[in-house]
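The values are calculated or read from the model by the stated rules, or taken from the named source; none is laboratory data. Nothing here was measured: the structure is a model prediction, and the numbers come from that model. Neighbour counts are summed over all protein chains in view; Cβ atoms, including those assigned to glycine, are modelled from backbone coordinates with ideal geometry. Keep in mind that these areas ignore ligands, DNA and RNA; they rest on the heavy atoms of the full protein, side chains included. Shrake-Rupley method; radii C 1.70, N 1.55, O 1.52, S 1.80 Å.
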Amino acid sequence: MPARRRLALLAVVVLAAAGSFALGRFGAYLVHSVAIAAIAAMGLNLLTGFAGQISFASGALIGIGAYTAGNLGNAGWGLGAILAAGVAAAVASVVIGLPALRLRGLYYAIATLAAQFVLEYLFKIVEPLTKGISGMNIAPLVLLGRPVASDQAWAAISIAILALTWLGLARLMRTNVGRAFLVVRENELVAKGMGIDVVRVKLWAFLASGFVIGVSGALVGFTTRLASPEGFGLSLSIDQVAMLIVGGQGVWAGSLLGAGFVVLIPEAIQRLGEALHVANLLSAMREMSFGLLIVLFLLFEPRGLAALLRRLARGVSRIALPHPVPDSSPVVAARTPAPGGTREKAL
Amino acid sequence: MALQVTDLTISFGGVVAVNGMSLSIEPGEIVGLIGPNGAGKTTFINCVAGAYRPSRGTVQWKGTELRGLAPHSVIRQGVARTFQNVASLHDLTVLDIVKLGAAARGRRGLAAVADLWRGEAALEAELHETVLEPLGLADIAAQPVQTLSYGLRKAVDLARAMASRPELLLLDEPVAGLTVQEGQQMAAVIREVRDRRRCAVLMVEHKMDVVMSTCDRITVMAAGARIFEGTGPAVQADPEVRRVYLGEP
Ligand SMILES: Nc1ncnc2c1ncn2[C@@H]1O[C@H](COP(=O)(O)OP(=O)(O)O)[C@@H](O)[C@H]1O
Ligand SMILES: [Mg+2]
């Protein structure tokens, strides 16, 4: 990334983080809810959108992150607890991914579903680590000797970690392992023929994705201050998949858009329901409308809100400017020199 | 002898796709592999490259047995292949794909983590000079491959294979689907690779004019086995080859 763009990005992140302190409690709560969900969505996006491996176990991985951070945070680990949560979820993610080395498509998807249920069950019975059904209370994270308890502080921290995650994942995609993700996603046979060790590449995808989801889980634990089995159930996995599909697979901004959509829309519906005194009815419709949304996006815009917004922006710039700004979209890039012409020169 | 394949056999269900096939290639030699559709040429390449596991036979490459190695291990031994039908790989640029080719013989395991903070400028310059310029792909290095014509995508596939610094190239119909002009350029590139790098080439191809002008030796395959081997003129003169392959009575 050019230095100037890096600086601009840093400025935006610092401003956004600083701006969190100007928000009210509820506003800050919404900001960290979206940011934390977006971090996990980016982890799932790496695995599914970039490396082509679907997973319904991200709810449980968020849980592993939360329990790990909770135990270590309560033991006074501070920031180290967040990193350890990432490592624990990364290991679990690789274990869940092992069937992916043998199973394909639907069979593998079902294996991740099974992993989700097994982990949920473990959360209930491994009481020394999880406190079972009653759930584990998590003390505030201690940072620089002070407990972080306000929603505003968490909004700022979450924005910073979201930015770090984004940068790190974008960097990963510019290494050979990252490029190999894309080839494995497109065609495993071609990947093998190109000399890509498909097994190793998939394991990297599970590892990196699990780490990021675990970090998100740690933040979930520290902000909700409670980890309990029903918080990390299948519906959380489905929410994550919804973010992925609604936001857009294979685009980082899509994860943020998807997280915003999936976190904020129910909040808005809740408010509307309360205002109209039909709260119960609307909250019952939540799951159904998410399901419907997933189907609609799959049918009409498989690349999600990110693609929708990009098209919209292009339309606006076309109206606003007599000549559209040049971009690197396929439409423009397709105007390549004639194949013969280019190669001729060199020979 | 660089490559020595002996008695290679593989079947799918009841179909014996390759049946006791033998073939050898000297260093720096270009060998043409021709034969009717379904003769087993692609399957033969897949067996040598490690994509398929033959049920019988040996694949000796510079004293190493390749049979049983995974495709990524075969590439590490200096044997790279191209595809008969190039796939459209979304979101990857020409340069990305060529870098993956180079990475096929690069660092592995935890050492790959170092890629996260290593710059790629030196590698890019080297790939430009050794692969992209010679193949005429330098100007389109930053373009997504899915936007390229079929002919250019085939050139990118060859560039990717060359970036792994192979000593043996297995080319599956490199000219098929290209225009006449593109085909001639591709053939010239293949000869140049051999001349400059002393790289041996096994080339499956249907276009006889390209095969005649490019290959030092030709092996004819039918129904999974070798039916003739010799120079271009000898192949064209052989009545059995004319009957099986060129469709004469
Ligand atoms: N993966 C496979 N599964 C089943 N049959 C196959 C497979 N690969 C090749 N074959 C069969 O092997 C035979 C040889 O095919 P192929 O090697 O593609 O021929 P060629 O490249 O000479 O046209 C064909 O009958 C084909 O159907
Ligand atoms: Mg073939």
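Here are the numbers for this structure:
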{"item": "The listed residue being under 22 Å from A:L226 (Cα atoms) and surrounded by 15 or more Cβ atoms within 10 Å (Cβ to Cβ), out of A:A139, A:A89", "result": "A:A89"}
{"item": "Elements of type strands (runs of 3 or more DSSP E) in the range B:30-113, at least 3 residues being aliphatic (A, V, I, L, M)", "result": "B:30-34"}
{"item": "Cross-chain or 6+ apart pairs with Cβ under 7 Å, the range A:76-95 first and part of a helix (DSSP H, G or I), then among the polar types (S, T, N, Q)", "result": "A:A84/A:T68; A:A85/A:T68; A:A88/A:T68; A:S93/A:S209"}
{"item": "Members of the range B:142-173 that are farther than 25 Å from B:H206 by Cβ and within 11 Å of chain A (Cβ to nearest Cβ)", "result": "B:A142, B:Q143, B:P144, B:Q146, B:T147, B:A163, B:S164"}
{"item": "Residue ID - nearest to ligand 2 (Cβ to nearest atom), chosen from residues in the range B:37-72 that are farther than 29 Å from B:R191 by Cβ and open to solvent by less than 50 Å² (accessible area, probe 1.4 Å)", "result": "B:P54"}
{"item": "Selection count, the range B:23-73, where residues are more than 16 Å from ligand 1 (Cβ to nearest atom) and of a type in the set (S, T, N, Q)", "result": "5"}
{"item": "Some residue of the range B:129-136 being within 8 Å of chain A (Cβ to nearest Cβ), crowded, with 23+ Cβ neighbours inside 10 Å and farther than 17 Å from B:G78 by Cβ", "result": "yes"}
{"item": "Count of residues meeting criterion [open to solvent by 10 Å² or more (accessible area, probe 1.4 Å) and either without any contact (Cβ under 8 Å) to a residue 60 or more places away in the chain or under 10 Å from the mean Cα position of the chain (by Cα) (or both)] in the range B:183-192", "result": "4"}
{"item": "A:S150, sole failed condition from (1) open to solvent by 40 Å² or more (accessible area, probe 1.4 Å); (2) within 9 Å of chain B (Cβ to nearest Cβ); (3) of a type in the set (S, T, N, Q)", "result": "(2)"}
{"item": "Which numbered condition B:V204 fails, given (1) β-branched (V, I, T); (2) farther than 19 Å from B:A80 by Cα; (3) open to solvent by less than 10 Å² (accessible area, probe 1.4 Å); (4) more than 13 Å from chain A (Cβ to nearest Cβ)", "result": "(2)"}
{"item": "Matching entry among B:I75, B:I34, B:I30 (being within 29 Å of A:A208 (Cβ to Cβ) and open to solvent by less than 30 Å² (accessible area, probe 1.4 Å))", "result": "B:I75"}
{"item": "Qualifying residue in the range A:65-73 (condition: open to solvent by 30 Å² or more (accessible area, probe 1.4 Å), out of contact with any Ser or Thr (no Cβ under 9 Å at 6 or more places or on another chain) and of a type in the set (G, A, S))", "result": "no"}
{"item": "Scope the range A:1-50; condition surrounded by 15 or more Cβ atoms within 10 Å (Cβ to Cβ) and outside any helix (DSSP H, G or I); matching residues", "result": "A:L23"}
{"item": "Hey, A:A139 in a loop (DSSP other than H, G, I, E, B), of a type outside the set (D, E, K, R) and in contact (Cβ under 8 Å) with a residue 40 or more places away in the chain or not", "result": "yes"}
{"item": "Near pairs, Cβ below 8 angstrom, 6+ apart or cross-chain, from the range B:202-214 (part of a helix (DSSP H, G or I)) to any residue that is basic (K, R)", "result": "B:T214/B:R191"}
{"item": "Residue count, the range A:169-214 (criterion: more than 8 Å from chain B (Cβ to nearest Cβ) and under 16 Å from the mean Cα position of the chain (by Cα))", "result": "13"}
{"item": "Any hit, the range B:84-104, residues being more than 11 Å from chain A (Cβ to nearest Cβ), over 18 Å from the mean Cα position of the chain (by Cα) and modelled with pLDDT under 95", "result": "no"}
